[in-house]
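Reading through the structure tokens given below for one structure.
What follows draws every value from the coordinates through simple rules; no lab data is involved. Since we're looking at a predicted model, the values are computed, not measured. As a convention, Cβ positions derive from the backbone with ideal geometry for all residues, glycine included, and neighbour counts pool all protein chains shown.
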Amino acid sequence: MIDYTDVEKVIENCFEEITAASRQKYDSDQADKTAALFLSAQIKLSLSIEEIEMKAKNAKNEIARIEGEKYFEYKKTSYNKNSGDNKKITENMLTNYVAKDDDIVKAKLECAQAESTLKKYNYLLGVLKDGHIFFRNLSKNKTWSE
């Protein structure tokens with residue numbers, strides 16, 4: 001099993017290598033090792049993305065569950081309050097009550113954060129792929145000429 005707990009450290013190492021390559025000549029032997037580092041980072045990040053994606057999908061399910069629960073809670077409460085005065089709450093009002101409920105707002109925020117993190121890491125995965133290709137090509141040259 002692959003240990004991917006150090007994914008942020010590996011990504012930071014990749015960033016340091018890219019920074020070094022952008023400032024000075026980069027050794028072709030080192031470029032081979034750096035290309036491998038970028039592959040390692042891609043693998044580890046992919047495994048992390050799997051977990052984040054699962055959290056984002058579960059967050060959507062949790063929103064639907066809470067919305068259903070709150071819908072029936074508000075509907076039941078409105079019938080009890082209004083049973084004496086024959087005023088019935090409309091579906092539109094009920095939908096708005098559910099939408100502004102603190103639990104719903106919190107669940108939607110958590111879902112948005114998970115989706116945002118997922119998007120960021122997918123973008124970062126693409127950058128790591130490009131970095132791997134850069135260093136692989138760099139390793140084919142004797143040295144990088146400025």
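What to note about this one:
- Full-stretch length increase - S116, D3 - with 0.36 nm per residue and alpha-carbon distance subtracted: 38.3 nm
- Figure legend: label point modelled 7 angstrom from the Cα of V127 along Cα→Cβ; residues of the range 26-43 with amide N under 20 Å from it are 34-43.
- The range 1-57: C-alpha pair distances exceeding 17 Å, %: 45
- Computed from Cα positions, the angle between helix 7-23 and the longest principal axis of the chain comes to roughly 50 degrees.
- Built from the Cα atoms of the chain, the convex hull projects on average onto 12.1 nm², one quarter of its surface area.
- Taken about its Cα centre, the chain carries a charge dipole of about 520 debye when Lys and Arg each add +1 at the Cβ and Asp and Glu each add -1 at the Cβ.
- Projecting the Cα atoms of I11, Q24, A41 onto the dipole axis of the range 1-51, where Lys and Arg carry +1 and Asp and Glu carry -1 at the beta carbon, places Q24 farthest toward the positive end.
- Degrees separating the helix 102-140 axis from the principal Cα axis of the chain, which is the longest one: 10
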